[in-house]
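Below is one structure, written out as structure tokens; the observations come after it.
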Amino acid sequence: MADKENVRQQFREAFEGADYPVNSPMDLVPALPNGPGTTFEIGDETITAMELNQEASGQADYPYDSVDELVDALIDGMEDEGYF
């Protein structure tokens, strides 16, 4: 099982440089260190930002006004998917 706080920190570091509010996943791409190929270690898995977006597709509730709001939503979605 993944360490939720570790994943939260990875997301925060990756997305904190975006210009908020963000209105779509495309608003986040410039902030990512390796664009959509940016990777996250989630438990035993490594997923890209592109895969993360696909996992969250349909669950996102844009716009997000801050990095904390976005990260909380991502963590909640991953919890719903059984990652934690």
Among residues of the stretch 29-63, those that are in a loop (DSSP other than H, G, I, E, B) and acidic (D, E), counted: 2
The stretch 17-28, subset open to solvent by less than 50 Å² (accessible area, probe 1.4 Å) and outside any loop (DSSP other than H, G, I, E, B), residue modelled with the highest pLDDT: V22
Within the stretch 61-84, tally of residues that are buried (at least 16 other Cβ atoms within 10 Å of the Cβ) and either of a type in the set (D, E) or under 11 Å from the mean Cα position of the chain (by Cα) (or both): 8
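The values are calculated or read from the model by the stated rules, or taken from the named source; none is laboratory data. Quick caveat, the model's predicted, so the values are computed rather than measured. We place every Cβ from the backbone using ideal geometry, glycine too, and count neighbours over all the protein chains shown. What goes into the accessible areas is simple: the full protein's heavy atoms, side chains included, and nothing from ligands, DNA or RNA. Shrake-Rupley method; radii C 1.70, N 1.55, O 1.52, S 1.80 Å.
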